[in-house]
Amino acid sequence: MNKQTAPVLELKKVTRKFKQGSQMLEILKGVDLVLRPGEIMALVGPSGSGKSTLLQIAGLLDKPSGGEVLLDGQKCGKAGDALRTVLRRDFVGFVYQYHNLLPDFNALENVMLPMLIAGANAKAAAERAEFLLSRLKMDKRLKHRPSEMSGGEQQRVAIARALANQPKLLLADEPTGNLDPKTSETVFNALLGIVRETGLAALIATHNFELAERMDRRVSLEEGRLVELGSLRSEASGGGESFY
């Protein structure tokens, strides 16, 4: 990765406060982050540390209380709803721990839908959907509905759907959290390959020690601030699955 390449995502002094009763809780305290094309960043930290909040702000699902969010150099943290919707559709791909597939559509159709909504023709959408599903080893399940697939298969469809509109930024919140180790490895390897090939930037929140080690950079949310980590193995104590 060329560090001179213009960032896909920048967070500048981002804060996020929530009112809880008479108290004001500051979840993010001046977060700075730069993510460039082709870079995969692991986001780690204890439950409740603000990882999901950070992802939602980066993906324009939530607005910061202060600071700025830039996508491809464009200031958009406080943009209006119409622009935020367009940017999310065309620029950002989301993967959540739970797949949220549409139950009445098969795998191919679930992946095609974001492209059809964005204006792609059905033939082109079907070809790209089949390509992505094949990369995730789902080519034999194209016509299966979610109820006919395992949890791991459903999550692979969800990842393909997130990549459908060729986003520049992929945000993933525990994307392999519900998968068995073998399936997790398969999915992560495919995701890694697609990011490398396309120049996609990816910010991935994970509790998986070994997957985080394999990403380009590792950052941790600690008391509302983002801290760059070295090797997670050297940071971990006890050698277990968790590194905090």
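The values are calculated or read from the model by the stated rules, or taken from the named source; none is laboratory data. It should be emphasised that the depicted structure is a prediction, and the values quoted were computed from it without experimental measurement. Methodologically, a virtual Cβ is constructed for each residue, glycine included, from the backbone with ideal geometry; neighbour enumeration extends over all protein chains shown. In case anyone asks, the SASA skips ligands and DNA or RNA and just uses the protein heavy atoms, side chains included. Shrake-Rupley method; radii C 1.70, N 1.55, O 1.52, S 1.80 Å.
Structural remarks
- DSSP-defined beta bridges in the chain - what % are antiparallel, rounded to 5: 55
- In terms of its C-alpha gyration tensor, the range 136-193 has an oblate overall shape, because the principal axis ratio a/c (a ≥ b ≥ c, square roots of the eigenvalues) is not below 1.5 and a/b does not outweigh b/c.
- FRET efficiency for Thr5 and Lys140, using Cβ-Cβ distance with R0 set to 30 Å, rounded to 0.05: 0.20
- Over the chain: Kirkwood hydrodynamic radius from C-alpha pairwise inverse distances, Å: 18.6
- Residue among Gln56, Gln155, Gln20 with the largest mean-square fluctuation in a Gaussian network model of the chain, springs linking Cα atoms under 10 Å: Gln20
- Across Pro103, Pro167, Pro64, mean-square fluctuation computed from a Gaussian network of the chain (C-alpha pairs under 10 Å connected) peaks at Pro103.
- In the full protein context, the chain carries 48 Å² of accessible surface per residue, based on a 1.4 Å probe and ignoring ligands, DNA and RNA.
- In terms of its alpha-carbon gyration tensor, the range 106-235 comes out prolate; a/c meets the 1.5 threshold, and the first ratio a/b outweighs b/c.
- GluC sites (Glu not before Pro), loop per DSSP, at most 14 other Cβ atoms within 10 Å - longest free stretch of the chain: 1-222
- Three-way shape call for the range 1-103 based on the alpha-carbon gyration tensor, with the a/c threshold at 1.5: rounded
- Nearest-0.05 FRET efficiency for Ser65 and Glu197, computed from C-beta distance (R0 45 Å): 0.75
- Extents of the range 34-173, largest first, come to 46, 36, 28 Å (Cα atoms, principal axes, whole angstrom).
- The chain: most fluctuating residue of Ile117, Ile159, Ile57 per GNM, C-alpha cutoff 10 Å: Ile117
- Angle in degrees between helix 81-91 and the longest Cα principal axis of the chain, rounded to the nearest 10: 60
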